[in-house]
Each structure stands twice: as C-alpha cells, then as structure tokens.
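Heads up: the structure comes next, in structure tokens.
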Amino acid sequence: MMKILSALIAFCLAAPAFSAPLELASEVFVERVQKRADGSTATVLEAPKLVVPGDQLVFVVRYKNASAQPASKLSVTNPIPRAVAFSGTADGTEIVSVDGGKNWGTLAQLKVPKADGAFRQALPSDVTHVKWNLNQTLAAGSAGKLVFRGVVR
C-alpha cells in the first residue's frame, strides 16, 4: 500500500507534459462515501493518506495561461500511474494512449496486441496516458481544470 501511495504522491508532485505557456498544478483525491448522523450518505473527496485496491481516485489538473498574450493550440498530457486503472474523464474530450504515448485516439479507435499476435479492442485499464487538446484560445491569465478518474489496482 505504501508503494501505491508513494506513486500517487510522486504523480501529484510531477507536472504533466504540456505546451507552453501553461502553468500546471496536479492534485489527486480518493473518493469516499461517508455516513451522516441522520443516516444519509455523502460522497467526499479526501487527500489519499492510505489507498487500497478498488479505491476510486479523482485526478485534477489545473492550468493557467501564464503569458501576457492569448495562447492557442495548447495541450495537456498526463501519464496514468501504473498502480491505477483509468476510468474516464469529466468531459469526454480526451484522447488516450495505450502504448506509452506513441499513438493516440479515442479508446474505441485503439487496439492492444495479444500474446498470439492478434489484436483486441483497448479497454480503459489499458490506458497509459490521457491527453487534452485545448481547442480554444486561452486569454492571458485565464485558467481551467481537467479531471480524470481511476481505480487503484
């Protein structure tokens, strides 16, 4: 468990790849269901002090145009930690890679080689990287966030 936690902390401290002039900050949270005093439940996001297989994680990447000029043709690429199985994004505008960032597409477009040399349809658990192409001009000082989810393997 400590190895998983260490990998997640390292992920948060390492900036994802991007196209300049973006400033990036990454955070990861574990999603927990808490029982309230009245018997109802609430879903909360917590800092990942301890994670175990099956825990639902939420990764947040905040970006900001740090230049004094508008910026366009920006992209943000995040590796998926090996201890995590990708389970989607908040907006569905991403492309993904299942081969370490060599090839990109929607999950439906990608194939994974099998041991016998044939190919199978890629699954969310095959994703190694997620990438967003920000198809808009980002004004100087403008900011936003990207969110993706995963499950601890």
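The values are calculated or read from the model by the stated rules, or taken from the named source; none is laboratory data. As the structure is a computational prediction, the values presented were derived from the model and not from experiment. Neighbour counts run over all protein chains shown; Cβ positions are idealised from the backbone, glycine included. Heavy atoms of the whole protein, side chains included, go into the accessibility calculation; ligands, DNA and RNA do not. Shrake-Rupley method; radii C 1.70, N 1.55, O 1.52, S 1.80 Å.
Within segment 58-73, the only residue that satisfies the criterion of being closer than 24 Å to E94 by Cβ, out of contact with any Gly (no Cβ under 9 Å at 6 or more places or on another chain) and open to solvent by 90 Å² or more (accessible area, probe 1.4 Å) is K73.
Would you say L24 is at pLDDT below 95, in a strand (DSSP E or B) and open to solvent by less than 70 Å² (accessible area, probe 1.4 Å)? Yes. When segment 32-57 is filtered for residues that are surrounded by fewer than 16 Cβ atoms within 10 Å (Cβ to Cβ), touching a residue at least 40 places away in the same chain (Cβ under 8 Å) and either charged (D, E, K, R) or not in a loop (DSSP other than H, G, I, E, B) (or both), only K49 remains. Checking segment 103-115 against the condition returns no match, with no residue being closer than 30 Å to R32 by Cβ and either buried (at least 19 other Cβ atoms within 10 Å of the Cβ) or under 12 Å from the mean Cα position of the chain (by Cα) (or both). Look at (1) of a type in the set (A, V, I, L, M, F, W, C); (2) surrounded by 15 or more Cβ atoms within 10 Å (Cβ to Cβ); (3) more than 23 Å from L24 (Cα to Cα) and you find that V96 fails only one, number (3).
Here is a list: N78, N133. Which entry is part of a strand (DSSP E or B), open to solvent by 40 Å² or more (accessible area, probe 1.4 Å) and closer than 27 Å to L45 by Cβ?
N133
Taken as a whole, the condition of being part of a loop (DSSP other than H, G, I, E, B), open to solvent by less than 60 Å² (accessible area, probe 1.4 Å), at positive phi and modelled with pLDDT of 90 or more does not apply to G88.
Here P79 meets each of (1) without any contact (Cβ under 8 Å) to a residue 60 or more places away in the chain; (2) under 25 Å from K64 (Cα atoms) with one exception, condition (1).
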